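Asks: Below you'll find the structure I mean.
The values are calculated or read from the model by the stated rules, or taken from the named source; none is laboratory data. For clarity, every value in this text was computed on a predicted model and none was experimentally measured. Cβ atoms come from the backbone with ideal geometry, glycine included; neighbour counts cover every protein chain shown. Side chains are part of the model used for accessible areas, which takes the heavy atoms of the whole protein and leaves out ligands, DNA and RNA. Shrake-Rupley method; radii C 1.70, N 1.55, O 1.52, S 1.80 Å.
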Amino acid sequence: MTLEQLLRLVEKKPLVWRPRVCSDSRNVRQGDIFVAVKGSKMDGHNFIGQAAVSGARYIVAQQPVQVASAEVIQTDDTTRALGLLSQAYYNYP
């Protein structure tokens, strides 16, 4: 799956199931998208395992990762990906 395909999935109308977008692994629920953002103090890539255990269906990462229970979408900039996915989720406010 590509980031563009994931965006189309998130853009679905609220009456149709669509995954939530999370950047905090503590908030991930079954079927969510976890975006691993590298910040100044924490690196979301360190929490991919926790997100997968919590039920993330998709993992968006900047570096290659192996997750048996989720589909991994690798992108050059997860901060940008998080912004795009959030815009799509909230119907481009």
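Asks: Going residue by residue through the stretch 41-61, is there one that turns out to be over 22 Å from Leu9 (Cα atoms) and among the charged types (D, E, K, R)?
Replies: yes
Asks: Moving on. Every residue in the stretch 56-68 that is open to solvent by less than 10 Å² (accessible area, probe 1.4 Å) and either on the phi > 0 side of the Ramachandran plot or touching a residue at least 40 places away in the same chain (Cβ under 8 Å) (or both), please. Show your work before the answer.
Replies: Of the residues in the stretch 56-68, the ones open to solvent by less than 10 Å² (accessible area, probe 1.4 Å) are 56, 59-61.
Matches in the stretch 56-68: Val60 only.
Conditions (1) in a loop (DSSP other than H, G, I, E, B); (2) out of contact with any Ser or Thr (no Cβ under 8 Å at 6 or more places or on another chain), marked per residue:
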| residue | (1), (2) |
| --- | --- |
| Leu6 | no, yes |
| Leu9 | no, yes |
| Lys41 | yes, yes |
| His45 | no, yes |
| Ile48 | no, no |
| Ala51 | no, no |
| Ile59 | no, yes |
| Gln63 | yes, yes |
| Gln66 | yes, yes |
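Asks: Being within 15 Å of Thr79 (Cβ to Cβ), at pLDDT 95 or above, assigned to a loop (DSSP other than H, G, I, E, B) and open to solvent by less than 40 Å² (accessible area, probe 1.4 Å), is that true of even one residue in the stretch 21-31?
Replies: Residues of the stretch 21-31 within 15 Å of Thr79 (Cβ to Cβ): 21-24.
Retained after the next criterion (residues that are at pLDDT 95 or above): 21-24.
Among the residues that remain, those that are also assigned to a loop (DSSP other than H, G, I, E, B) are: 23-24.
Keeping just the survivors that are open to solvent by less than 40 Å² (accessible area, probe 1.4 Å) gives none.
Within the stretch 21-31 (the criterion being within 15 Å of Thr79 (Cβ to Cβ), at pLDDT 95 or above, assigned to a loop (DSSP other than H, G, I, E, B) and open to solvent by less than 40 Å² (accessible area, probe 1.4 Å)), the answer is no, since none of the residues qualifies.
Asks: Identify all residues within the stretch 38-55 that are open to solvent by less than 40 Å² (accessible area, probe 1.4 Å) and at negative phi; write none if there are none.
Replies: Let us first name the residues in the stretch 38-55 that are open to solvent by less than 40 Å² (accessible area, probe 1.4 Å), namely 43-45, 48, 51-52, 55.
Selection gives Asp43, Gly44, His45, Ile48, Ala51, Ala52.
Asks: Moving to a separate point now. Of all residues in the stretch 69-93, which are among the β-branched types (Val, Ile, Thr) and either over 17 Å from Asn27 (Cβ atoms) or exposed (fewer than 12 other Cβ atoms within 10 Å of the Cβ) (or both)?
Replies: Start the filter on the stretch 69-93 by keeping residues that are among the β-branched types (Val, Ile, Thr), which leaves 72-73, 75, 78-79.
Passing the criteria: Val72, Ile73, Thr75, Thr79.
Asks: Is there a residue in the stretch 35-47 that is touching a residue at least 12 places away in the same chain (Cβ under 8 Å), of a type in the set (Lys, Arg) and touching a strand residue (DSSP E or B) at 6+ places or on another chain (Cβ under 9 Å)?
Replies: Keep residues of the stretch 35-47 that are touching a residue at least 12 places away in the same chain (Cβ under 8 Å), which gives 35-38, 44-45, 47.
Narrowing the set further to residues that are of a type in the set (Lys, Arg) leaves 38.
Subsequent filtering for residues that are touching a strand residue (DSSP E or B) at 6+ places or on another chain (Cβ under 9 Å) retains none.
No, there is no match, as no residue in the stretch 35-47 is touching a residue at least 12 places away in the same chain (Cβ under 8 Å), of a type in the set (Lys, Arg) and touching a strand residue (DSSP E or B) at 6+ places or on another chain (Cβ under 9 Å).
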